[in-house]
Amino acid sequence: MIKKEREIPIKLVKLEALIRRLPVNHPKRGKIEEETAKLRAGYRGEQSIDYYLKDEKNYFIFHSLRLQHKSSDFFQMDTLLLHESHIIILEIKNASGTLCFDRTFHQLIRTQNGKEDAFSDPIEQVHRHQKLLRHWLAQHQFPNLPIYTLVVISRPSTIIKSIPPYSETVAKTILHSSQLNSRLELLSKRPHNLSLSTREKNKLSKHLIKSHIPADPDVLIQFKLSADDLITGVECPSCKGFPMKRIYGLWLCSLCRTTSKDAHIPALNDYHLLVSETISNRELRRFLRISSSQHATRILLSLNLQSTGTYRNRRYLLKQKKTPQS
């Protein structure tokens, strides 16, 4: 039973907005596109595992769960499965080629198209999550349930290897997604000394959801960019050109002649993701490239936004909005 749905990582959403708003010839664009592609591939890998869990009845399922340990340490689990007698943490990898797990140097070596790349060992990563979750349960006075860890490889064509003496650990921990249901069934049938009551299980479930703190990174700071690096203006929904012009209450694209009533909404979503959660009339005019203060006021009022401050220094609280369907 799914208790917490999988969320698109906010960092991925922000990076996609940043790519929309960054000039094609910007020197940092390639690095940003590379990180975006990795995040997107990882998210798709996580989504592919959801197919095998959608009919799971023995577990409460929590996707993309991020908890706080102590004051400043966070840990995020791709998927957490809660049984009345145990917990399972799933770390999901959307890796292709041949994967070789090396315990001596604490690394994962991927071979693909004759090229070798080294990554941190996901077994150690999921063991760290296990340790932190055990501390979190104790901190919040929940029973010390056994916690199992699995690393799930989402691509069926990926070859898994290990360097002895790591083979036994790899065999216990690493599996393809097609093996997941049978492994969960085996773990659910394993005898355990502790069993949560329905009330205790529901209490822990609610506390896990309540304690979730989504990551919200500032991607401009990460890549040492500022708002001045961004393309301003309203993007055409048809040809993706910049900027559309505001004419008689409509947005007009000078490139393909598309018109739109609501093309400013995605633009303000980008501003919210990349620049600030609040905006003033002057900032809106600059970002949308309109000159009229009255036109800007009409746009802000049409969005029914909360505001703070007096007339001269009023700021509006932005929130993600969907563009109405035409």
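General remarks:
Listed here are the residues, each with its yes/no results for (1) open to solvent by 10 Å² or more (accessible area, probe 1.4 Å); (2) within 24 Å of Ser197 (Cα to Cα); (3) touching a residue at least 60 places away in the same chain (Cβ under 8 Å); (4) assigned to a strand (DSSP E or B).
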{"site": "Leu65", "(1), (2), (3), (4)": "no, yes, yes, yes"}
{"site": "Phe74", "(1), (2), (3), (4)": "yes, no, yes, yes"}
{"site": "Ile89", "(1), (2), (3), (4)": "no, yes, yes, yes"}
{"site": "Glu116", "(1), (2), (3), (4)": "yes, no, no, yes"}
{"site": "Gln125", "(1), (2), (3), (4)": "yes, no, no, no"}
{"site": "Gln130", "(1), (2), (3), (4)": "yes, yes, no, no"}
{"site": "Val152", "(1), (2), (3), (4)": "no, no, yes, yes"}
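- Leading residue by the ranking (most open to solvent (accessible area, probe 1.4 Å)) among those in the range 285-318 that are closer than 20 Å to Gly233 by Cα and polar (S, T, N, Q): Gln294
- Extreme residue, farthest from Lys28 (Cα to Cα), among residues of the range 207-223 that are in a helix (DSSP H, G or I) and in contact (Cβ under 8 Å) with a residue 12 or more places away in the chain: His207
- Test result for Pro266, without any contact (Cβ under 8 Å) to a residue 60 or more places away in the chain, under 30 Å from Asp78 (Cβ atoms), surrounded by 16 or more Cβ atoms within 10 Å (Cβ to Cβ) and touching a helix residue (DSSP H, G or I) at 6+ places or on another chain (Cβ under 9 Å): yes
- Among residues of the range 269-284, those that are under 13 Å from Leu18 (Cα atoms) and either open to solvent by 20 Å² or more (accessible area, probe 1.4 Å) or not acidic (Asp, Glu) (or both), counted: 6
- Pairs, first acidic (Asp, Glu) in the range 224-239, second open to solvent by 50 Å² or more (accessible area, probe 1.4 Å), C-beta under 9 Å, six or more apart: Asp229/Lys28; Glu235/Arg20; Glu235/Phe242; Glu235/Pro266
The values are calculated or read from the model by the stated rules, or taken from the named source; none is laboratory data. Please read these numbers as outputs of a predicted model, since none were measured by experiment. Neighbour counts run over all protein chains shown; Cβ positions are idealised from the backbone, glycine included. Note: accessible area is taken over every heavy atom of the protein model, side chains too, but ligands, DNA and RNA are not part of it. Shrake-Rupley method; radii C 1.70, N 1.55, O 1.52, S 1.80 Å.
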